[in-house]
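Contents: one structure, followed by commentary.
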Amino acid sequence: MKNIIKLIYFMFLSLILLNNNLLAVEKKKELLTSDWSFKGYFGKFDRGALQRGYQVYTEVCASCHSMKYLSYRNLAEKGGPEFSEEQAKAIAANFEVTDGPNDDGDMFTRPAKLSDKFVQPYRNVKEAMASNGGAYPPDMSVLVKARSGGADYIYSLLLGYEDPPSGTNLDDGVYYNKYMYGNNIKMPKPFMDGQVEYNDGTEATEQQMAKDVVTFLAWSAEPHLEERHKIGFRAIIYLIVITILVYFSMKKIWSRVESEV
Ligand code: HEC
């Protein structure tokens, strides 16, 4: 029995060490971080943060950044912001999409439905660049996965606006950001305190809005994270049970041999 306890202890220890190693890599870049509820083996998204994050995305970021892989229906799905279906329908209905052609061969606009993709701010990349001083606001559906540093990086970037060091001249439409590669970014500072009004009474500080919107982006980049964590947990339990069974079977099978020696 002692051996088996040792074995289980060893398994947990290696898990913890592995986790710490991953954290250490992230820390090296000296990014800002937050107490993300979705990190770690049992991490889950904070529903409140996801719902507030959606609000921040629509009210602040959506005028420049698309999220073309999301549909309004995703907002009501399990593991996500989990708005009720009614709420998600009402959200969708705020947006207009082009549909058609109708019987006369004309395209027409109608309110969006659950099955529609998120409405995009620009018709194409060229228009997006023309409206942003030549820089392209990247699609944010999977941006957390696409940038090294992930959630911490985007969180840092959103809070990383500063006055440029003296002697630096910035062109019009270029801003100084501590965390952007090369420190110059063509995205204006997105937040000021109190910019959005949260329904749940949470105070909309810059940090809070950044945290909420990054949580939302982390979910959109990995909508099945909770499911994956659940499966991982079950797999570990399963392995522990198998280990115990194998251990006792081994004892039993070899017991005769041992006693005969
Ligand atoms: C006025 C338009 C505008 C708004 C509003 C805006 N962005 Fe941007 N964003 C841009 C542009 C343009 C770029 C590309 C900047 C560049 O390459 O210099 C960008 C780039 C980014 C990047 C990528 C930085 C990188 O590493 O390349 C992130 C992340 C980002 N925005 C997040 C957000 C979030 C989150 C919001 C909402 C809170 C937001 N943005 C609001 C225009 C905008």
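The values are calculated or read from the model by the stated rules, or taken from the named source; none is laboratory data. These numbers were taken from a predicted model, which means no experiment stands behind them. Quick reminder, even Gly has a Cβ in these numbers, built from the backbone with ideal geometry, and neighbours come from all protein chains shown.
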Any hit, segment 242-257, residues being surrounded by 12 or more Cβ atoms within 10 Å (Cβ to Cβ), under 22 Å from the mean Cα position of the chain (by Cα) and either within 16 Å of the ligand (Cβ to nearest atom) or not β-branched (Val, Ile, Thr) (or both): no
Selected residue [at pLDDT 95 or above, away from the ligand (no atom under 13 Å from the Cβ) and part of a helix (DSSP H, G or I)] from Gln120, Gln55, Gln87: Gln87
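A quick yes/no check of all residues on (1) closer than 30 Å to Met129 by Cα; (2) touching a Gly at 6+ places or on another chain (Cβ under 6 Å):
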| site | (1), (2) |
| --- | --- |
| Leu170 | yes, no |
| Tyr179 | yes, yes |
| Gln195 | yes, no |
| Gln208 | yes, no |
| Leu217 | yes, no |
| Tyr238 | no, no |
| Ser249 | no, no |
| Ile253 | no, no |
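Kindly establish whether Gln207 is touching a Leu at 6+ places or on another chain (Cβ under 8 Å) and surrounded by fewer than 18 Cβ atoms within 10 Å (Cβ to Cβ). Lay out the reasoning, then the answer.
Values: touching a Leu at 6+ places or on another chain (Cβ under 8 Å): yes; surrounded by fewer than 18 Cβ atoms within 10 Å (Cβ to Cβ): yes.
It is true that Gln207 is touching a Leu at 6+ places or on another chain (Cβ under 8 Å) and surrounded by fewer than 18 Cβ atoms within 10 Å (Cβ to Cβ).
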Where a residue in segment 201-222 is more than 18 Å from Met140 (Cβ to Cβ) and its partner, wherever it lies, is among the hydroxyl-bearing types (Ser, Thr, Tyr) and part of a loop (DSSP other than H, G, I, E, B), with Cβ under 8 Å and at least six apart: Ala204/Tyr198; Gln207/Ser34; Gln208/Thr202
Residue check, Pro223 within 13 Å of the ligand (Cβ to nearest atom) and within 21 Å of the chain's Cα centre (by Cα): no
Identity of the residue in segment 169-203, among the β-branched types (Val, Ile, Thr) and more than 8 Å from the ligand (Cβ to nearest atom), that ends up surrounded by the fewest Cβ atoms within 10 Å (Cβ to Cβ): Thr202
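Is it fair to say Tyr179 is part of a loop (DSSP other than H, G, I, E, B) and either touching a residue at least 60 places away in the same chain (Cβ under 8 Å) or within 17 Å of Ser34 (Cβ to Cβ) (or both)? Can you show your working first?
Details: part of a loop (DSSP other than H, G, I, E, B): yes; either touching a residue at least 60 places away in the same chain (Cβ under 8 Å) or within 17 Å of Ser34 (Cβ to Cβ) (or both): yes.
Judged against the criteria, Tyr179 is a match.
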Count of residues meeting criterion [in a loop (DSSP other than H, G, I, E, B) and either at pLDDT below 95 or under 21 Å from the mean Cα position of the chain (by Cα) (or both)] in segment 202-216: 3
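Of all the residues that make up segment 117-138, how many are of a type outside the set (A, V, I, L, M) and crowded, with 17+ Cβ neighbours inside 10 Å?
Initially, segment 117-138 is screened for residues of a type outside the set (A, V, I, L, M), giving 117-118, 120-124, 126-127, 131-134, 136-138.
Keeping just the survivors that are crowded, with 17+ Cβ neighbours inside 10 Å gives 117-118, 122, 137.
Number satisfying all stated conditions: 4.
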Matching entry among Val214, Val246, Val174 (being among the aliphatic types (A, V, I, L, M) and under 17 Å from Leu50 (Cβ atoms)): Val214
